[in-house]
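These notes concern the structure reproduced below.
Throughout, read-outs are computed from the coordinates displayed, never taken from laboratory work. Every value quoted in this text rests on a predicted model; they were computed, and no experiment measured them. A quick note on method: Cβ atoms are made from the backbone with ideal geometry, for glycine too, and the neighbour counts reach across all protein chains shown.
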Amino acid sequence: MRVPSGWAIVGWAAVVVAAIVAVLLAVAGTDEAGIRLVIRATARTSVVLFTAAFVAASLHRAWPGTVSRWLLANRRYLGVSFAVSHFAHLLAIFALAGWSPARVAANAGTPVLVLGGTAYTFILAMTATSFDRTAAWLGPRAWSRLHTTGVWIIWTVFFASFAPRAIESALYWPFALGLFAALLLRLTHGRRRAVRSALSPAST
């Protein structure tokens with residue numbers, strides 16, 4: 001079976017996330033319990049896709065090979081796939097709140113609302129500039145600043161969400177440990193000009 005690449009990854013990710021949501025709602029129902037399952041499931045698909053994009057360049061520098069080369073070549077599409085999954089997550093949050101922004105804000109609380117709102121603003125901006133035309137319009141320097149700042153904010157939000165839950169449940173250990181390992185990989189294998197060039201939108 002041929003491994004998907006390019007925009008096909010986004011299509012498959014959307015299909016898989018939609019299938020997961022459909023199965024969970026069919027089994028658990030569309031009431032609060034079912035929607036909460038969807039929220040948890042889409043948070044996990046999102047963190048997996050985000051982490052794959054987050055470590056792509058560092059992993060390729062540390063252990064160059066077929067897998068890391070594929071991750072590096074498809075980093076943009078993994079990032080857009082993460083955005084698809086996380087906007088499904090946001091829709092589930094709104095569904096739980098009866099599609100009321102006021103109830104979403106009240107349920108989240110100020111710290112979560114500020115952090116989450118900031119993260120989603122960056123996700124939207126990063127997704128919008130994941131196309132050659134919009135990336136060229138923004139310019140390489142601004143594009144790099146936007147995406148670098150965005151990934152660190154998103155990593156922080158994910159770690160702040162998963163790490164405390166890992167203390168309460170072993171189900172969250174793989175995600176918290178994966179995020180921590182991704183952080184170490186990024187810090188120990190910092191950017192190099194050649195890989196930075198390879199990651200620019202025009203190169204994929």
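Take the stretch 37-67 and flag every residue that is closer than 20 Å to V3 by Cα, touching a residue at least 24 places away in the same chain (Cβ under 8 Å) and over 16 Å from the mean Cα position of the chain (by Cα).
Within the stretch 37-67, L59, H60 qualify.
So which of V84, V3, V17 ends up being of a type outside the set (D, E, K, R), outside any helix (DSSP H, G or I) and touching a residue at least 40 places away in the same chain (Cβ under 8 Å)?
Numbers: V84 fails: outside any helix (DSSP H, G or I); V17 fails: outside any helix (DSSP H, G or I).
Exactly one residue qualifies, and that residue is V3.
Can you work out which of the residues in the stretch 66-100 that are closer than 14 Å to T51 by Cα and polar (S, T, N, Q) is surrounded by the fewest Cβ atoms within 10 Å (Cβ to Cβ)?
Among them, the one singled out is S68.
Being more than 18 Å from the chain's Cα centre (by Cα) and farther than 27 Å from I35 by Cα is the requirement here; does L138 meet it?
Against the criterion (more than 18 Å from the chain's Cα centre (by Cα) and farther than 27 Å from I35 by Cα), L138 qualifies.
Test of understanding: among T45, T66, which residue is touching a Ser or Thr at 6+ places or on another chain (Cβ under 8 Å) and among the polar types (S, T, N, Q)?
T45
For the stretch 129-154, which residues satisfy the criterion of being without any contact (Cβ under 8 Å) to a residue 24 or more places away in the chain, part of a helix (DSSP H, G or I) and surrounded by fewer than 16 Cβ atoms within 10 Å (Cβ to Cβ)?
Within the stretch 129-154, R133, T134, W137, R141, A142, R145, T148, W152 qualify.
Sort through V157, V114 and tell me the only one that's touching a residue at least 40 places away in the same chain (Cβ under 8 Å) and farther than 25 Å from S5 by Cβ. Spell out how you get there, then give the answer.
Numbers: V114 fails: touching a residue at least 40 places away in the same chain (Cβ under 8 Å).
That would be V157, the only listed residue that is touching a residue at least 40 places away in the same chain (Cβ under 8 Å) and farther than 25 Å from S5 by Cβ.
Yes/no matrix, rows are residues, columns are (1) touching a helix residue (DSSP H, G or I) at 6+ places or on another chain (Cβ under 9 Å); (2) within 18 Å of A119 (Cβ to Cβ); (3) not β-branched (V, I, T):
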{"residue": "I9", "(1), (2), (3)": "yes, no, no"}
{"residue": "V15", "(1), (2), (3)": "no, no, no"}
{"residue": "A19", "(1), (2), (3)": "no, no, yes"}
{"residue": "E32", "(1), (2), (3)": "yes, no, yes"}
{"residue": "T42", "(1), (2), (3)": "yes, yes, no"}
{"residue": "A53", "(1), (2), (3)": "yes, yes, yes"}
{"residue": "V84", "(1), (2), (3)": "yes, yes, no"}
{"residue": "L96", "(1), (2), (3)": "yes, no, yes"}
{"residue": "A102", "(1), (2), (3)": "no, no, yes"}
